[in-house]
Amino acid sequence: MSRSGGAALPVLMYHEVCLSPHPAFQRYTVTVREFTRQMRVLAALGYETIDLDTLVRARAGKGSLPRRPVIITFDDGYQGSVDHAVPVLRSYNFTACFFLVAGLMGETSRWMVPELGVDLPLMGWDTARKLGAEGFQFGAHTMTHPRLTGVDSAACRTELDDARKYIEQELSRP
């Protein structure tokens, strides 16, 4: 194993990648130009993306990591990140993990409307299946995106468990 244990590993977490950020969501958004610059720098420095399964195997002593691993994630599964970030990732042979709001796939981020007045499109299941076939990974980011600190433990467990089960069912993989 080339790296193991608690070795530091860069994880880049994004929400939305788009041409022009909505002012109310700007702090959670990166422009296509900036995202492209960041990926160019990673590639130039010799970073290789890995998925979360590779990290878990390596940490368990059942695999190795490249010399310069990095994990790239996207919260919420925004269609803008698919449209704008995925082509950039592909151009560098990078992959990423999208954390999906399973109960709202193909709909919008309506949970943001009351607080931010923002309603962005989310990727649909067909898009997720196509990305999965290319090696992109998916994780559960709840069913409906409630503030988990504001729901009781049973509702929290349901949001998390149901999201995982639904994603596994729709994508035919754990």
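A few remarks follow.
- Sequence of Glu16, Glu34, Glu115, Glu134 from largest to smallest accessible area, 1.4 Å probe: Glu115, Glu134, Glu34, Glu16
- Carbon/sulfur fraction of accessible area - the chain, other protein chains in place, 1.4 Å, %: 52 percent
- Here the Karplus curve 6.51 cos²θ - 1.76 cosθ + 1.60, taken at θ = phi - 60°, turns the phi angles of region 114-129 into couplings of x, 8, 10, x, 10, 9, 9, x, 10, 5, x, 5, 4, 4, 4, 4 Hz, with x standing for Gly and Pro.
- Taken per residue, the accessible surface of region 39-86 reaches 44 Å², heavy atoms only and a 1.4 Å probe.
- DSSP-defined antiparallel bridges as percent of all bridges, the chain, nearest 5: 10 percent
- In sequence order, region 22-35 has phi-based couplings of 5, x, 6, 10, 4, 5, 9, 10, 10, 6, 4, 4, 5, 4 Hz under the Karplus curve 6.51 cos²θ - 1.76 cosθ + 1.60, θ = phi - 60°, and Gly or Pro positions carry x.
- In the chain, the DSSP-assigned H stretches of four residues or longer account for a calculated mean residue ellipticity at 222 nm of -11500 deg cm²/dmol, using -39500 (n - 2.57) per stretch and the full residue count as denominator.
The values are calculated or read from the model by the stated rules, or taken from the named source; none is laboratory data. Please read all numbers here as calculations on a predicted model, not as lab measurements. These area figures cover heavy atoms from the full protein model, side chains too; ligands, DNA and RNA do not enter into them. Shrake-Rupley method; radii C 1.70, N 1.55, O 1.52, S 1.80 Å.
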